[in-house]
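The values are calculated or read from the model by the stated rules, or taken from the named source; none is laboratory data. Owing to the predicted nature of the structure, the values given are computational and were not obtained by experimental measurement. FYI the Cβ positions are ideal-geometry reconstructions off the backbone, even for glycines, and counts take in every protein chain you see. To get the accessible areas, we keep the full protein, side chains included, count just its heavy atoms, and leave off ligands, DNA and RNA. Shrake-Rupley method; radii C 1.70, N 1.55, O 1.52, S 1.80 Å.
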Number of protein chains: 2
Amino acid sequence: MSASGKTRTPGRDVLRDSVLGGDLVFLLARANALTLAAANAALAEHGLKARSYSVLALAADGARPTQRELAEFLRLDPSQVVALVDGLEKRHLVERRTDPADRRANVLVATDAGRDLFARAQQAARAVELGLLATVTPEEHERLAGLLRLLAFPD
Amino acid sequence: MSASGKTRTPGRDVLRDSVLGGDLVFLLARANALTLAAANAALAEHGLKARSYSVLALAADGARPTQRELAEFLRLDPSQVVALVDGLEKRHLVERRTDPADRRANVLVATDAGRDLFARAQQAARAVELGLLATVTPEEHERLAGLLRLLAFPD
DNA sequence: CTCAATGATTGACATTTTCAACGGTTCGTG
DNA sequence: CACGAACCGTTGAAAATGTCAATCATTGAG
């Protein structure tokens, strides 16, 4: 019988070759899940997660973003940014400065300690990224980043 | 003024060119967020979300996965699969069949109605994917999928 | 000056994630 | 065969995230 395949362990690769194996949304979701987990694990030793690392990163490189800009960029609700910044500020890694040009807005600035921690965390983050793409040439690595940028910033 | 043009809206692109602009984990997270939102919006008219669509897809193409295999593949907790399958089963789109080879396990099978709905939902899903990558050649599209597969299935 | 719009904040609520515990079943070992 | 360890699906609860409306201070337009 053609149909009576009875592979007792059908799961391992059968699913991978299913319709979803070519589904970009699914691949993105799964790649994101694994990648995020790896990043969180590596950042944990610095007391950070991917979220707080991102906020710290933007504060640390002098972009002086307002919380609203942070929210849009990270695709978070403004209220989540409040919590994130609260956490970093309590650890004296970033400071809220009211924007002199618009006193409603808070501009985020990293402290010395913040830049310091970020520098170390960034190394961990880079190591993770390289580890994840160890089987890939630098050219392909950059090509992937470029294509993801297209999806991440469609304008 | 030395600082040419006090860009009162510094955020727009400054953040994009920051350290995070090259951060794979961040790009993946943001691309996933946008992509997932688009997919959910498109699937909503079929009463599905990306999650339930994925489950339905795997049930519909005859892989006969167990719930545990589903959980691993979709990177979900087994309890979440229960809820997902409950939802689809209540709508008579899939059925739980106890695996004759292992009566602990449930194997997922799509009903006729399930395959039918999936066929329609799949068109919507494909349209979304093509829309997201409209600015890209089919070769690059496939290259992106290939690279994401590397991240999604590291073995 | 008045008023609509905006940034940050708070608090409430829904959804998702994560975990521990449980009954039913399988399987290896004695 | 009997035992116990490991495993599947299920349940329920706790923690983390996501979403939304309301509020205060401030801005900018008319």
Scope segment B:130-146; condition open to solvent by less than 30 Å² (accessible area, probe 1.4 Å) and either among the charged types (D, E, K, R) or away from every other protein chain (no Cβ under 11 Å) (or both); matching residues: none
Which listed residue is open to solvent by 30 Å² or more (accessible area, probe 1.4 Å) and more than 15 Å from DNA strand C (Cβ to nearest atom), from A:Arg51, A:Arg68, A:Arg75, A:Arg91: A:Arg91
Failed item in (1) touching a residue at least 60 places away in the same chain (Cβ under 8 Å); (2) part of a loop (DSSP other than H, G, I, E, B), with B:Ala63 passing the rest: (1)
Filter pass, A:Val107 being in a helix (DSSP H, G or I) and either within 8 Å of DNA strand C (Cβ to nearest atom) or open to solvent by 40 Å² or more (accessible area, probe 1.4 Å) (or both): no
Pair list, Cβ under 8 Å, 6 or more apart: segment B:72-83 residue closer than 15 Å to A:Thr35 by Cα, other residue β-branched (Val, Ile, Thr) and near DNA strand D (Cβ under 8 Å from one of its atoms): B:Leu74/B:Val81
Residues of segment A:45-72 satisfying the condition of being among the hydrophobic types (A, V, I, L, M, F, W, C), at pLDDT 95 or above and over 26 Å from B:Arg149 (Cα atoms): A:Leu48, A:Val55, A:Leu56, A:Ala57, A:Leu58, A:Ala59, A:Ala60, A:Leu70, A:Ala71
Output for segment A:13-41, where each listed residue is in contact (Cβ under 8 Å) with a residue 24 or more places away in the chain and either open to solvent by less than 20 Å² (accessible area, probe 1.4 Å) or not in a helix (DSSP H, G or I) (or both): A:Leu28, A:Thr35, A:Ala39
Residue within segment B:97-104 that is within 12 Å of DNA strand C (Cβ to nearest atom), polar (S, T, N, Q) and under 26 Å from A:Ala37 (Cβ atoms) present: no
Residue count, segment B:42-58 (criterion: assigned to a loop (DSSP other than H, G, I, E, B), within 10 Å of the chain's Cα centre (by Cα) and of a type in the set (A, V, I, L, M, F, W, C)): 0
Checklist (1) more than 7 Å from chain B (Cβ to nearest Cβ); (2) under 27 Å from B:Leu132 (Cα atoms) applied to A:Arg75, failing item: (1)
Exclusive hit being touching a Gly at 6+ places or on another chain (Cβ under 9 Å), within 16 Å of DNA strand D (Cβ to nearest atom) and assigned to a helix (DSSP H, G or I), set B:Leu117, B:Leu88, B:Leu84: B:Leu88
